[in-house]
Amino acid sequence: MNHNAKKAGATLATVLTWAGLLAVLTGCTGAESFVNGKPRSVRGGITIVPRDGARDIGADARVEVKVPSGRLESVKVTRIEDARRRDVRGKISQDGLSWAPHGASSRLSLSARYTVDVVALDGAGHRSARHTTFTTAIPEQRFTSSFTPDKPSIVGTGMIVSFRFDREIRNRAAVERAIRITSVPAVAVVGHWFGGGRLDFRPAAYWKSGTKVTVAAALRDVPGAPRVYGTQQKTVTFTVGRSQVSRVDVAEHTMEVRRNGRLMDTVPITAGAPGTTTYNGKMVVTEMHEVTRMDGRTVGFGGEYDIKDVPHALRLTASGTFLHGNYWAGQGVFGSANVSHGCVGLQDVKGGGGDTPAGRFYDQSRIGDVVEVVNSEDKKVAPDNGLGGWNLNWGQWKAGSALH
C-alpha cells in the first residue's frame, strides 16, 4: 500500500469515528446518550401518564410519573394555554418513585397543551431523561354564571351570595364543590340549589358586622352537565357593614328601623291594599335607585299605573316588590291605610326629598340590608324570590345542598 493509500485509509477511519460519536451525541436509535458527562440508562423505565402524544384528555384525568426503581430527580410539567406557559405544581413522593400534582393543579385545564420533562437516576447514579406532550379536550359547550356580590363592596348583614347559570346544571355537586366561600371570622356557609339554574350561599344566621367574605369561583373546566364545562375563574371579597334590620308591620302601618340591634326610628308606611297585598317574610335589598320608573304592565297589573319618577326605590323581590318613596298618595294614608299594589311606601315629595322619611331611610340603607314584613294578609315570600333564602330555617337550607 502506498503512502497516499494509507493516508486515505486514515482519513476514512477518522470520518467513521466522528460519525459514530455524532450518532451517540445526537441520541440515534439504539445508541447510548450522555447527560452532564454521564451515560443515560434506557428511558423505558420512566412511565408517564397520559401517554406521549395523547389527545382529547379529559379534565378529570391525572398526570402521573413513575419509575420502578432508583429515584426521580426532577419533574417539570408545563401547561400551555392561550399562549401562556404555567408550571403545574406537584411533588415527588418520599421514596422517589412517583410524582403527582397537588391542590388545584390536580385538575387539568381543557383546550390546553401539556409538556412533561423528567430526569431519573438509577441505582448506579446514571441519569435517564424523557420528554412527552399531550393535549386536553376542547369542550363542545360551555356554561357561565353571574353572581352577586360580583365586586368588592360593603354590604348589609343579610347578603346572600347568589349564582345564576346560563345552562341547566346537572352535576350540581361538582359545581357547588368548585365554589368556595370563606370568611374572617370563620363561619359555616352552605349552598342551596333552586332548580338547575341557581345556587345561593348563606350562613345559619345573618353575618356579623365586620366580617370579610371571600367568594372563589373556580368553575373553569368543571363539568356542569354531559359535555358542558364551566368558563369562570374569579375571586371577589366583600365586607359586611353595620347591621340594619327593618320590620314592617302592615296591620300597624309602621316600620321599625333597628341598627346594630337598637331601635333608631319608627316610620309611618303604607303597604299593599286588599287584593294587592304585600308579601310577608324576610327580604333583602338587592337594588337601590334614587329614581326609577314603575309600570304595572311589567308585573302583571296591566295599565293600572305607570309612574316614571318613583323616588328612593329599594328592590326587595325579583317579582317587583319595592320599598320606595311615595309623593302621589295623600299624606293621611301614611300610618293609617294600605293603598299600594304590594310595595311598601314611605312619604316623599316629587323628585325625592333628602329630608323626607323616604329620603332619610334611603340614605341610611345599603345593598344587603334586611326588611321583614309581618301581619300582612298575603303569603310568605318564596325563598327564591329575590334573596329570600332567610325564610328557610337552617335545616331546610342545608337540605338544598348537593354536598351530602
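A few comments on the model shown:
- Failed condition for R89, given (1) within 15 Å of the chain's Cα centre (by Cα); (2) surrounded by fewer than 20 Cβ atoms within 10 Å (Cβ to Cβ): (1)
- Of the listed requirements (1) free of Cβ contacts under 8 Å to residues at least 24 places away in the same chain; (2) open to solvent by 60 Å² or more (accessible area, probe 1.4 Å), R177 misses just one: (1).
- Taking the criterion of being part of a helix (DSSP H, G or I) and touching a strand residue (DSSP E or B) at 6+ places or on another chain (Cβ under 8 Å), the residues of region 361-398 that qualify are F361, Y362, G389, W390, N391, W397, K398.
- Yes/no for S109 being surrounded by 16 or more Cβ atoms within 10 Å (Cβ to Cβ), touching a Ser or Thr at 6+ places or on another chain (Cβ under 9 Å) and under 26 Å from N171 (Cα atoms): yes
- Leading residue by the ranking (surrounded by the most Cβ atoms within 10 Å (Cβ to Cβ)) among those in region 269-323 that are touching a helix residue (DSSP H, G or I) at 6+ places or on another chain (Cβ under 6 Å) and modelled with pLDDT of 95 or more: H312
- One residue alone among D150, D166 is farther than 21 Å from S365 by Cα and of a type in the set (D, E, K, R), and that residue is D166.
- In the condition set (1) open to solvent by less than 60 Å² (accessible area, probe 1.4 Å); (2) out of contact with any Ser or Thr (no Cβ under 8 Å at 6 or more places or on another chain), M255 is compliant with all but (2).
- When S183, S146 are checked against the criterion of being without any contact (Cβ under 8 Å) to a residue 24 or more places away in the chain, part of a strand (DSSP E or B) and within 18 Å of the chain's Cα centre (by Cα), S146 stands alone in meeting it.
Conditions tested, residue by residue: (1) open to solvent by less than 20 Å² (accessible area, probe 1.4 Å); (2) among the hydrophobic types (A, V, I, L, M, F, W, C).
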| position | (1), (2) |
| --- | --- |
| T115 | yes, no |
| G123 | no, no |
| T136 | yes, no |
| T144 | no, no |
| V155 | yes, yes |
| S162 | yes, no |
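- Residue match in region 331-344 (condition: buried (at least 19 other Cβ atoms within 10 Å of the Cβ) and closer than 28 Å to I154 by Cα): yes
- Counting only strands (runs of 3 or more DSSP E) wholly contained in region 288-355, the ones carrying 3 or more residues that are of a type in the set (A, V, I, L, M, F, W, C) occupy 306-315.
- Number of residues in region 105-124 that are touching a strand residue (DSSP E or B) at 6+ places or on another chain (Cβ under 7 Å) and not in a strand (DSSP E or B) equals 7.
- Residue pairs whose Cβ atoms lie under 9 Å apart, separated by 6 or more positions or on different chains, with the first residue in region 52-72 and touching a residue at least 24 places away in the same chain (Cβ under 8 Å) and of a type in the set (S, T, N, Q) and the second assigned to a loop (DSSP other than H, G, I, E, B) and open to solvent by 30 Å² or more (accessible area, probe 1.4 Å), are S69/L97; S69/D122; S69/G123.
- Inter-residue pairs, beta-carbon under 8 Å, first over 12 Å from V63 (Cβ atoms) and in region 97-120, second buried (at least 17 other Cβ atoms within 10 Å of the Cβ) and acidic (D, E), 6+ apart: L110/D221
Conditions (1) in a loop (DSSP other than H, G, I, E, B); (2) among the basic types (K, R); (3) open to solvent by less than 20 Å² (accessible area, probe 1.4 Å), marked per residue:
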position	(1), (2), (3)
D200	no, no, yes
Y206	yes, no, no
A216	no, no, no
D221	yes, no, yes
V245	no, no, no
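- Tally, over region 45-86, of residues that are closer than 13 Å to S98 by Cα and open to solvent by less than 80 Å² (accessible area, probe 1.4 Å): 15
- One residue stands out among those in region 36-66 that are under 29 Å from N171 (Cβ atoms) and among the basic types (K, R): the one that is modelled with the lowest pLDDT, which is R62.
The values are calculated or read from the model by the stated rules, or taken from the named source; none is laboratory data. Keep in mind the model is a prediction, meaning the values are calculated, not measured. Methodologically, a virtual Cβ is constructed for each residue, glycine included, from the backbone with ideal geometry; neighbour enumeration extends over all protein chains shown. We work out accessible area using only protein heavy atoms, side chains counted, and drop any ligands, DNA or RNA first. Shrake-Rupley method; radii C 1.70, N 1.55, O 1.52, S 1.80 Å.
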